[in-house]
Ligand SMILES: [Zn+2]
Ligand SMILES: [Zn+2]
């Protein structure tokens, strides 16, 4: 084992000490990480993205959260301590997304579907630990996890740019890949926010004709800069369907509102055997859908991506210059940044 003396016994970050409302209060908080094992790495964090999940968990919007809560699961940093079975060396630049462990033995895990492991899925923060504690995330100085879930960041990818790819990027990349996004396919990206702006870039990188579906034309210039072939305004469903009904192979749903027009617009836009992939995970239920609307079509969900997906995504991001549009803030401004106006999510959110 290579041990660097620089890793402190306690890790420190910015934590919510109780359930948050509309205003966030994050306070400095130190904790003792779980015991270091041979397949672990300790990462000195250099960048951490802000994900919509962070806000849901701080507000306990998906169910009860555990406090103190340090969130952040788009972690990039330098390996400072590498266990002998970690697959890494001190000095490696790595990233950790929303998942920090799985059983690595079940059928899903053996099939590169660790993100669907039902046995031992461990979330990067709030995840259960053997010692009865729970994981703390990346708005912090250090992170400890199995090296298997720490993915090498390729050279040529800026660390701050790589961070949002670890959750937002692979969340859109993985389903696009598995549902056949590629040359000759037409893909629509619904909602142009943190997820959507990466969805457009990855759909184009994979070779598809790509449209942004938005409630207005106001983001047309931005969408074109991301590589979109056009922006379709969803407010006027009738005229949109006149031209585009039955022409889309895939629709990627990256935003959510309870009144989204699944059966009156999105389903009719699909070709037979087309798919809507909903990747934004709302706090509400999906709206009811007329059974007739899904004949020959499907609506599916997708949850982040596997370590193999993340590696492949990084290669494509470097090759095709896919880049999240980010604002950079010092970690000490985490509270202000998560409050909203400074995050890419809020800048580009569409609904
Ligand atoms: Zn996330
Ligand atoms: Zn498993």
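Computed across region 207-266, the Kirkwood radius stands at 12.4 Å (inverse of mean 1/r, all Cα pairs).
Between region 169-224 and region 230-246, the alpha-carbon centres lie 16 Å apart.
In units of the compact-protein estimate 2.2 N^0.38 Å, region 169-301 shows a Cα radius of gyration of 0.94.
For residue 155 and residue 320, the FRET efficiency from 1/(1 + (r/R0)^6), where r spans their Cβ atoms and R0 equals 22 Å, is about 0.85. Multiplying the residue separation of residue 215 and residue 112 by 0.36 nm and removing their Cα-Cα distance gives an extension gain of 33.4 nm. For the chain, a Gaussian network of Cα nodes joined below 10 Å ranks 76, 318, 96 by mean-square fluctuation, and the top entry is 318.
All C-alpha to C-alpha distances of region 109-215, sorted into 10 Å bins beginning at zero, yield P(r) values of 12, 34, 33, 17, 3, 0 percent in whole numbers. Placing pseudo-labels 7 Å out from each Cα toward the beta carbon at residue 236 and residue 23 gives an inter-label distance of 4.4 nm. Legend: ranking of residues 109, 223, 167, 103 from fewest to most surrounding C-beta atoms inside 10 Å; resulting order 103, 109, 223, 167. The translational diffusion coefficient of the chain, from Stokes-Einstein at 20 °C and 1.002 mPa s with a Kirkwood hydrodynamic radius over alpha carbon pairs, comes to 103 µm²/s.
Each Cα pair of region 11-152 feeds into the Kirkwood radius, which the Stokes-Einstein equation turns, at 25 °C and 0.890 mPa s, into a diffusion coefficient of 161 µm²/s. Counting only DSSP H runs of at least 4 residues, each contributing -39500 (n - 2.57), and dividing by the residue count of the chain, the helix-based mean residue ellipticity at 222 nm comes to -5500 deg cm²/dmol.
Fewest-first ordering of 300, 46 by other beta carbons within 10 Å of each residue's beta carbon gives 300, 46.
Here the residues 189, 41, 79, 279, ranked from fewest to most Cβ neighbours within 10 Å of their Cβ, fall in the order 79, 279, 41, 189.
Each reported figure results from applying straightforward, stated rules to the coordinates on display, with no laboratory input. Since the structure is predicted, the reported quantities are computational estimates derived from the model, not experimental observations. Positions of Cβ are generated from backbone atoms using ideal geometry, with glycine treated the same way; all protein chains shown enter the neighbour counts.
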